[in-house]
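Below is one structure; the comments refer to it alone.
Where a number appears in this text, it was derived from the coordinates with a stated rule and is not lab data. Predicted model, so just to flag it, every value in this text is computed and none were measured. Using ideal geometry, Cβ is built from the backbone for each residue, glycine included, and neighbour counts are taken over all protein chains shown.
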Amino acid sequence: MATLRKILLVDDDDDLREALSEQLVMTEDFDVFEAATGAEGMEKVKAGLYDLVILTWKQDLVHSQKSDTHDYQDVRRHVYRV
């Protein structure tokens, strides 16, 4: 049996996130994890290893309100790149 790829979906739109999650799970190729906020997503990224992280462009997972800059390096440190 093949190992399922781990995907983290981060989006504050519950309906969109859940619909995408259901579609991905139906393929039986992915183990899908969800986060409704950027902070929750970042906690999950730091706690686990994901093959793919899908998030909205303006999600606060990578956006700093203080400096109005994007901290992609922090996310990249915790995400396995294929």
Counting C-alpha atoms alone, how compact is the range 1-48: give Rg to one decimal and Dmax as a whole number, in angstrom. 11.1, 34
Between the modelled labels at GLU18 and ARG5 (7 Å from Cα along Cα→Cβ) the distance in nm is 2.6
